[in-house]
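Okay, so here's the structure we're looking at.
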Amino acid sequence: MSDRFNAIAHTLRSSLRRLRRPARGFANEAGRNKRRLIALAVAALGVGYVVTHPPFGAVEAGDVGIRTNLLTGSTTEFRAGSVLVMPGLHQLRTLPLRTQIYRPEGSSKADGPSPFQSVEGLSLGMDITVRYSLDPQKLATIARNLPDDIEGQVVGPVVQGVMYKTLSRYTVREIFSTKRAEIQQVMEAELKPRLAADGIQLGALQIGKVDLPRDYRVGMEKLLIEELESEKMRYTLELKDKQVKQTALEAAAEKVRRETAAEAAGQEQIIAAKAQAEAMKHVLPFKEKQIEQRGLEAEADKVSRIKSAEANAQARRIEAAGEADSRQKLADAEVYRQERIGKVASEQLARDGALIQKNPLLIQKTMADKLADKIQVIIAPTPTDGSFIGNALLGAGKGNLQAAVASQPAEQAVEGAE
């Protein structure tokens, strides 16, 4: 900017120097040069003013620019960017389109500069947050009618007026605990039309902490604690009463359920008995037929067993008769055999007796043959009569020899029977 001023001053000084040189010689042209100089000066002043005061205005993002024509009174809206604003012709005002927040800081404490008052006249503080925005349909009116400090000169007085008036109708206890939501709704309902009349839209009103004087707050907290205990006891009693009713209803339901179950069981037994009786009508004839069948089967088995026993007895008698006949024949055969053996033995003894009578030494030979494989040496005393030494072994004499000969057939008969 200073460089431009230096350039303009240099140009003016150069022009003045050029004008001074021919001033004496060119008197006729003095008037024209003077006018040129004045024109140049005016042009230089105009350029300097334009440079120092550019005819443009800026609109930030989130804002809207309202340019008013001072001659016609018409308005034009501009969004973010640069706007041509001719000095003396246009007037530009920017308004925020974003949601604004207003908090009355002086009313947040009970001992603050501007506390609220309850119906009892007690000072109290309250944290209140008001969210608002400008109505996009009324920006021209807002730019034309409302002051620059909308929050401080429009929103703040309206909100505080409504709050003071509303809170003064409630007690501290209602403000502190019981009717906080109601108070918030009443404030919103009253603020909306009042702000809307100025082209301001109320977004929301939120009530935060309520600040009371210390002594009053302690008493209020104790009272609230007692009320909470009372509420708790009331809810406990209601719960117990509902539990008693629930128990009674459950008992009644159980009674009805049991009665229904008993009726169903009885009905079921009746149906089962009827079904069983109906089934017995078919079962009894069937059982009777089974009994008759079993009797017939037993009679048939009896007859079969009798026939079988008779056949067995007959077979046994036949077998016994056959066995007796067989034994009789065996006995007869044995008798015949014994008779034949006796006869043969008698005949053999007769032949042996005759042979021994003819040859007496045959007895010793025979005895020696029988003892030959068992006895090696026989010691016998010497006969006194000078007879054969073997006589002593044979029984000393003829009497013994005859007895021996007589007993030989009996021994042979016994050997033949064996």
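The values are calculated or read from the model by the stated rules, or taken from the named source; none is laboratory data. Small disclaimer: the values here were computed from a predicted structure and weren't measured. Counting neighbours? That spans all protein chains shown, and the Cβs are built from the backbone with ideal geometry, glycine included. To get the accessible areas, we keep the full protein, side chains included, count just its heavy atoms, and leave off ligands, DNA and RNA. Shrake-Rupley method; radii C 1.70, N 1.55, O 1.52, S 1.80 Å.
A few points about this structure:
- Qualifying residue in the stretch 177-185 (condition: over 50 Å from the mean Cα position of the chain (by Cα), modelled with pLDDT of 90 or more and among the polar types (S, T, N, Q)): no
- If you go through the stretch 147-180 and keep only what is among the basic types (Lys, Arg) and either surrounded by fewer than 15 Cβ atoms within 10 Å (Cβ to Cβ) or within 14 Å of PHE116 (Cβ to Cβ) (or both), you end up with LYS165, ARG169, ARG180.
- Residue-level analysis places GLN185 among those that are open to solvent by 40 Å² or more (accessible area, probe 1.4 Å) and free of Cβ contacts under 8 Å to residues at least 12 places away in the same chain.
- Only strands (runs of 3 or more DSSP E) whose full extent lies in the stretch 17-130 are considered here, and none of them has at least 2 residues that are loosely packed, with under 12 Cβ neighbours inside 10 Å.
- Qualifying residue in the stretch 232-239 (condition: loosely packed, with under 10 Cβ neighbours inside 10 Å, out of contact with any helix residue (DSSP H, G or I) (no Cβ under 9 Å at 6 or more places or on another chain) and over 30 Å from VAL130 (Cβ atoms)): no
- For the stretch 203-223, taking the residues that are free of Cβ contacts under 8 Å to residues at least 24 places away in the same chain and out of contact with any Asp or Glu (no Cβ under 9 Å at 6 or more places or on another chain), the one that is surrounded by the fewest Cβ atoms within 10 Å (Cβ to Cβ) is identified as ASP215.
- For GLN153: the one exception among (1) closer than 21 Å to GLU105 by Cα; (2) in contact with a helix residue (DSSP H, G or I) (Cβ under 7 Å, 6 or more places away or on another chain); (3) in a helix (DSSP H, G or I): (2)
- Every pair of residues 6+ apart whose Cβ atoms lie under 7 Å, when the first sits in the stretch 40-55 and is β-branched (Val, Ile, Thr) while the second is open to solvent by 80 Å² or more (accessible area, probe 1.4 Å): VAL51/MET1; VAL51/ARG4
- All told, SER133 meets the bar of being open to solvent by less than 70 Å² (accessible area, probe 1.4 Å), over 30 Å from ARG214 (Cα atoms) and not hydrophobic (A, V, I, L, M, F, W, C).
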